[in-house]
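A quick write-up on the structure given underneath.
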Amino acid sequence: MKKKYIIFDFDGTLVNTNDLIVESWQATFERYLGHRLDEDEIIATFGEILVETIARLIPDEDVIEVRNFYSVYQDEYCSSKVRVFDGVRELLDELRTQGCRIGMATSRTGETYRKYMEELGLADCIDETVVLEDVSAHKPDPESALRVMEKLGAVPAETIFIGDTKYDAGCAKAAGIDCGLAGWSHKIDNEQLEREGCMPQYIFDRPEDILELV
């Protein structure tokens, strides 16, 4: 069935924050662990909420202190690294032209989400948004997807969630909707997705490939 309701993740899907996140984590690990981590270990955390990553990887430090260090470092040193993925603006414009309703389900805080959307000129491209503070359970729990669907008036069979991580795929599966992962962002670990039972229906090489579904 053709899709009318398109729900996106933010980081690593519409917007390339990969370098921003990796550099911020490396600075944080150097500060609190005394060494950097392999980049693949950081990429494996993409989609996980910040405090959970901190509790797991820096367990001997105060979570709030580490979170604040990470956030301040990111704001002060890395914001210039954020950019819209090639083809995303054109995709969003065409989805609107085709009559689609566009949602956002992100685990980023509302403050930083709105900041980047304004700076990148995407604020008017999304019809309904759910951010970190809007839900009590986070991806892969389906709450964020279900909340966006409710706000959009979405029909599950006509809805697809587009993300870039196992958390997005798990969220979509739990919400009972199709999922597509952004192969243009970073390498998709199919073995991990299969192992965790959250293989998406689609892996898109380019943003414009999504248009085949609408």
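Tabulated results
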| quantity | calculated |
| --- | --- |
| Ascending count of other beta-carbon atoms within 10 Å, so fewest first, for M199, M117 | M199, M117 |
| Tilt relative to the chain, helix 88-97 - C-alpha long axis, 0 to 90 degrees, to 10 | 30 degrees |
| Gain in span if fully extended, D93 to E39, counting 0.36 nm per residue against the direct Cα distance | 16.1 nm |
| Dipole axis of the chain (+1 Lys, Arg; -1 Asp, Glu on Cβ), positive-most option in Y73, I58, M1 | M1 |
| Over region 18-81, relative contact order from alpha-carbon pairs under 8 Å, at least 6 apart, % | 47 percent |
| Max mean-square fluctuation residue, GNM over the chain, Cα-Cα springs under 10 Å, options G197, G163, G180 | G197 |
| For the chain, calculated [θ]222 nm from helices alone, where every DSSP H run of n ≥ 4 adds -39500 (n - 2.57) | -11500 deg cm²/dmol |
| Correct option for Cα extents along the principal axes in Å [calculated from the coordinates] among [x] 42, 40, 36; [y] 46, 37, 29; [z] 51, 38, 31 | [z] |
| For C179, distant residues with modelled amide H under 5 Å away | F161, Q201, Y202 |
| Overall form of region 88-137 per C-alpha gyration tensor (a/c, 1.5; a/b vs b/c) | oblate |
| Point-to-point label distance, E118-A174, nm (Cα→Cβ direction, 7 Å offset) | 3.2 nm |
| Simple Cβ-charge dipole of the chain, Lys/Arg +1 and Asp/Glu -1, about Cα centre, in debye nearest 20 | 560 debye |
| Label-point separation in nm, R206 to V51, each point 7 Å along Cα→Cβ | 4.2 nm |
| Computed E for E30/T109 - FRET, C-beta separation, R0 22 angstrom, nearest 0.05 | 0.40 |
| Partner lysines for K4 [C-alpha distance under 30 Å; skip if fewer than 8 residues away on the same chain] | K115, K139, K151, K166, K173, K187 |
| Cβ charges +1 (Lys, Arg) and -1 (Asp, Glu), total dipole of region 18-81, debye | 100 debye |
| Gyration tensor (alpha-carbon) shape descriptor, region 18-81, a/c threshold 1.5 | rounded |
| GNM flexibility winner over the chain from R147, R56, R31 (Cα, springs under 10 Å) | R56 |
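Bear in mind that the values in this text are calculations on the coordinates, not laboratory data. Because the structure is a prediction, the values reported are computed rather than measured. Cβ: placed from backbone, ideal geometry, glycine included. Neighbour counts: every protein chain shown.
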